[in-house]
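The values are calculated or read from the model by the stated rules, or taken from the named source; none is laboratory data. What you see is a predicted model, and the numbers here were worked out from it, not measured in a lab. For neighbour counting, all protein chains shown are included, and Cβ atoms are generated from backbone atoms with ideal geometry for every residue, glycine included. Ligands, DNA and RNA are stripped out before the accessible areas are found, and what is left, the full protein with its side chains, is counted by its heavy atoms. Shrake-Rupley method; radii C 1.70, N 1.55, O 1.52, S 1.80 Å.
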Amino acid sequence: MKTLPPSSIIGILGGGQLGRMTALAAAKLGYRCHIFCSDAQEPAVEVSAFHTHASFDDTRALKAFAKSVDVVTLEWENVPIAALETISLLVPTYPAPKILKVAQDRGEEKNFARSIGLGTADFALVSSAAELQEARGRFGCPAILKSTRMGYDGKGQVALTPELSSEESWRLMGSGAGILESFVNFASEVSVVVAARADGTMAVFPAVQNIHRNHILAETHAPAGVSASIAHEAEQAARLMAEKLGVVGLLAVEFFVLRAPDALGRQVWVNEIAPRPHNSGHWTMDACPTSQFEQLVRAVCGLPLGAVTPHSRAVMQNLIGDDFHAWPDLLAQSSACLHVYGKTEVRPGRKMGHVTFLKGAWEGG
Ligand SMILES: Nc1ncnc2c1ncn2[C@@H]1O[C@H](COP(=O)(O)OP(=O)(O)O)[C@@H](O)[C@H]1O
Ligand SMILES: [Mg+2]
């Protein structure tokens, strides 16, 4: 892979906060970004040199964008595969379309994890209320019905209870393709972010613990506060997934930590993956020598990856909706590192920013 020098242009598909923080990291190293997104008001646009506002089915705009940049990455996981394929014929594109295909579909994710020996919740793909009814019989309660595609922050998910009929559950899920998952009575949830270069070199951030509220990530704790063997298993599993998928850039893997090892002795199961910066990696901006965003820039530009051993323990809190109004108090706290995404309107459930509290020296996790 050739090294792209500073001043090269990184194309980013999607204009949200992940793109904004990637663009800021790119600027730190002297790169410029070109954002492709549908809305001129998105957070990444105002911190980037160039932008294209067009839809992902506008082939002409996609081609013009691809020709105007030196490399392309993405910050939004649901970029249509056809759009990514169009771009990848013209310019190096990370992640490759085949990786995005796996990450966009919960069924493919789980099949892939299982094909390389990792554990997941039991699942069944269902495409109608009748199929759901049949699968429910086998799974029992509690179980979770999810749309296989396009879900995030718990959207498109229904917790199945005996009172809720299959027809009603199917309607609430709101998609033509579903996945029924057995409910994992997990001890905790952890995630790992891996950075990988085209030559296979990798850097793995330590496992962290994630706490969700209303299905949205509320807090990330670094280190994860699990045993060294569980953290190691999660880190090795994330590394294996990145290697087997052939990731260049970032891969985030979310895991359930089991209360007891499964029949094969595994202590963690894969929940889902994302081939992009991940909310649970935001703490790296303030507690590690290299952030996940800088690693992405380094990986896709063919630069050496940075150091990942943290200097500080940290707790990251998302500022969701009205949480954002605490910004003046947060700025007044010496251990708080505040990041604001520049969204003008506060809405319930909307990620407005995050704050990372530094908690003292890392001391080996
Ligand atoms: N099979 C499951 N068993 C137990 N809890 C689950 C299961 N699937 C999802 N959850 C809970 O819901 C959260 C969101 O689900 P997830 O599959 O990660 O979707 P997304 O993050 O795309 O909304 C998980 O982090 C976890 O807390
Ligand atoms: Mg998730």
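Here is a list: ALA263, ALA196, ALA242, ALA187. Which entry is away from ligand 1 (no atom under 16 Å from the Cβ) and more than 17 Å from the chain's Cα centre (by Cα)? Only one candidate qualifies: ALA263. Taking the criterion of being more than 12 Å from ligand 2 (Cβ to nearest atom), touching a residue at least 40 places away in the same chain (Cβ under 8 Å) and open to solvent by 20 Å² or more (accessible area, probe 1.4 Å), the residues of the stretch 203-221 that qualify are VAL204, PRO206, ASN214, GLU219, HIS221. Checking every residue in the stretch 342-355 against the condition of being in contact with a Lys or Arg (Cβ under 6 Å, 6 or more places away or on another chain) and open to solvent by 50 Å² or more (accessible area, probe 1.4 Å) gives zero matches. I'm trying to understand the selection: among the residues of the stretch 322-363, which are of a type in the set (Lys, Arg) and either more than 25 Å from THR309 (Cα to Cα) or part of a loop (DSSP other than H, G, I, E, B) (or both)? The answer is LYS343, ARG347, ARG350, LYS351. Looking at the stretch 126-183, the strands (runs of 3 or more DSSP E) lying wholly inside it that each contain 2 or more residues that are of a type outside the set (A, V, I, L, M, F, W, C) and under 29 Å from PRO348 (Cα atoms) sit at 143-147, 178-182.
What are the residues in the stretch 36-55 that are in a loop (DSSP other than H, G, I, E, B) and either of a type in the set (Val, Ile, Thr) or without any contact (Cβ under 8 Å) to a residue 40 or more places away in the chain (or both), if any? Quick ask: steps written out before the conclusion?
Within the stretch 36-55, the first condition is being in a loop (DSSP other than H, G, I, E, B), and the residues that meet it are 38-44, 48-49, 54-55.
Residues satisfying the conditions are SER38, ASP39, ALA40, GLU42, ALA44, SER48, ALA54, SER55.
Looking only at the stretch 184-195, how many residues end up being open to solvent by 30 Å² or more (accessible area, probe 1.4 Å) and in a strand (DSSP E or B)?
The number of residues fulfilling the criteria is 0.
The set of residues in the stretch 139-161 being modelled with pLDDT under 85 and more than 23 Å from ALA218 (Cα to Cα) consists of PHE139, GLY140, CYS141. Scoring VAL226 on the criteria (1) within 30 Å of ALA361 (Cβ to Cβ); (2) in contact (Cβ under 8 Å) with a residue 40 or more places away in the chain leaves a single failure, condition (2).
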